[in-house]
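The values are calculated or read from the model by the stated rules, or taken from the named source; none is laboratory data. From a predicted model like this one, the values you see are computed outputs, not experimental measurements. Cβ: placed from backbone, ideal geometry, glycine included. Neighbour counts: every protein chain shown. Heads up: the accessible areas ignore ligands, DNA and RNA and are worked out on the full protein's heavy atoms, side chains in. Shrake-Rupley method; radii C 1.70, N 1.55, O 1.52, S 1.80 Å.
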Amino acid sequence: MRPRRGPEPKPDRLLEFTHCMKRVAKSVLLWYSPREMYALVTGVPEYPQFLPWCPQAEIVQQHDDGVTARLHLSYAGVRHAFTTRNRHVPDASVHIGLIDGPFSQLEGSWEFFALPLPGGEPAQACRIEFQLGYAFSSTALEVVLSPVFDKIANTLVDSFVRRAEQVYGPR
């Protein structure tokens, strides 16, 4: 029998979970102004009115440059909550960072770009750029939550577009 070379593998490293960062990127052109869309995205307490997976959402703390928010998700029998620190640039962007929850990483952004009209009229349209990256903190959470959160992340922009139609009327 040949002797082994190198260190013995550590048993705890054989089951080590390597975080799989998932990314979502969406871009959409809308007949709503950056101000209107920014108001919907930053209106966290209203999320339960139009996000079917979100039974509760609250502002935990106000900051000079944004908020700390906690979202509860309930979808297909799965319930979890997570807290984010959201940095706001009025009518321009919202940057999202993880504080706590079932994720090892969660970062994202909403950016709102005015689409100018000919003749210098105020913008009544915008382009939204949404990006979200996330990874779960364990294999068990990945197995249970990934199918649910993948669906939520991939339909989030559509949900806000539908909300704009409800609040501001179809355009």
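Can you find a residue that is open to solvent by less than 80 Å² (accessible area, probe 1.4 Å), on the phi > 0 side of the Ramachandran plot and modelled with pLDDT of 95 or more anywhere in the stretch 45-60?
No, the conditions are met nowhere in the stretch 45-60.
Could you grab me the full set of residues in the stretch 24-69 that are assigned to a loop (DSSP other than H, G, I, E, B), in contact with a Pro (Cβ under 9 Å, 6 or more places away or on another chain), over 20 Å from Leu106 (Cα atoms) and without any contact (Cβ under 8 Å) to a residue 24 or more places away in the chain?
Pro55
Exactly one of these conditions fails for Phe103: (1) open to solvent by less than 50 Å² (accessible area, probe 1.4 Å); (2) touching a Ser or Thr at 6+ places or on another chain (Cβ under 8 Å); (3) under 27 Å from Gly169 (Cβ atoms). Give me its number.
(3)
Going residue by residue through the stretch 72-79, is there one that turns out to be free of Cβ contacts under 8 Å to residues at least 40 places away in the same chain, of a type outside the set (Ser, Thr, Tyr), part of a loop (DSSP other than H, G, I, E, B) and under 18 Å from Ser159 (Cα atoms)?
Quick first cut of the stretch 72-79, residues free of Cβ contacts under 8 Å to residues at least 40 places away in the same chain only: 72, 74, 77, 79.
Still in the running and of a type outside the set (Ser, Thr, Tyr): 72, 77, 79.
Okay, now just the ones that are also part of a loop (DSSP other than H, G, I, E, B), so 77.
Imposing the further condition that a residue be under 18 Å from Ser159 (Cα atoms) reduces the set to none.
Within the stretch 72-79 (the criterion being free of Cβ contacts under 8 Å to residues at least 40 places away in the same chain, of a type outside the set (Ser, Thr, Tyr), part of a loop (DSSP other than H, G, I, E, B) and under 18 Å from Ser159 (Cα atoms)), the answer is no, since none of the residues qualifies.
Taking the residues in the stretch 129-159 that are of a type in the set (Asp, Glu) and outside any strand (DSSP E or B) as candidates, determine which candidate is surrounded by the fewest Cβ atoms within 10 Å (Cβ to Cβ).
If we filter the stretch 129-159 for residues that are of a type in the set (Asp, Glu), which is where we start, we get 129, 142, 150, 158.
Remaining after also requiring outside any strand (DSSP E or B): 142, 150, 158.
Values: Glu142: 19, Asp150: 13, Asp158: 11.
Only one residue tops the list, namely Asp158.
With free of Cβ contacts under 8 Å to residues at least 60 places away in the same chain and either farther than 21 Å from Gly43 by Cα or not polar (S, T, N, Q) (or both) as the only criterion, which of Glu142, Glu129, Glu165 stands out?
Glu165
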